[in-house]
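A.B. asks: First the structure, which I've put down as structure tokens, then a few questions once you've had a look.
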């Protein structure tokens, strides 16, 4: 009798172990011993389906977000800079040589990306302040820069603002187009006189139906696209905008209290009377 009981217990133990560690095959998923070692119970980003023992979305935990919301791709943490990049804003183009490793024979160049600090809030007051304060383009005008900026402009700007910058992009001119707002005419006199900060602010935050482009254009690319926009403005006025000459900078038609034309600094206010 005791042998029969031992055999039954042995078979039961084997069946239990087999049920825990049975191999997968065909349509059978099998079983795993200590599955938490293979399937983390922590939140899985960018993945809608979760391991069924994962209870972070359980109602009893007071979770207020759906699994679909929590599974969306996450953006970078505000104020952080990816490893290997430089997150700085230089108003002096010569300072960029230091970042690019041109200041010493053994210096290491650090790529510049879109993590440059931008301390202006998305408000109308800060937009005007940005236009007054962010004046000079830190990157010099170069043929290579304009050549690299053209396809970027065509993809991200030209579809609305037009290949010539006249606001007649393909999304506006297609038959039966129902565009919610007319794109800005970038070669108009008001935009030629607008400060660089106005363009940069729009690239960061967008304007009206235009969205921001911080996730599409890097720090340097924004400034190079701005150079290309200036070149379109110069072309519309039969002026030169190249690494050899910049006759567009002589055009100054600022609105009262606003910054002057591209690359120019607004004159200081007059001193108070009696001083």
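A.B. asks: So for 16, 223, fewest C-beta neighbours within 10 Å to most, what's the order?
C.D. replies: With the fewest neighbours first, 16, 223 line up as 16, 223.
A.B. asks: Something else now. Mind sorting 249, 218 by how few other Cβ atoms lie within 10 Å of their own Cβ, fewest first?
C.D. replies: With the fewest neighbours first, 249, 218 line up as 249, 218.
A.B. asks: Return, for the Cα atoms of the range 121-250, the radius of gyration and Dmax in Å, separated by a comma.
C.D. replies: When restricted to the Cα atoms of the range 121-250, Rg and Dmax are 14.3, 43 Å.
A.B. asks: In what sequence do 228, 205 fall when counting other Cβ within 10 Å, fewest first?
C.D. replies: 205, 228
Values quoted throughout were computed directly from the atomic coordinates according to the rules given, and no laboratory measurement underlies them. Note that the structure is predicted; figures quoted are calculated from it, not measured. Heads up, the Cβs are rebuilt from the backbone with ideal geometry, glycines too, and the neighbour counts pull from every protein chain shown.
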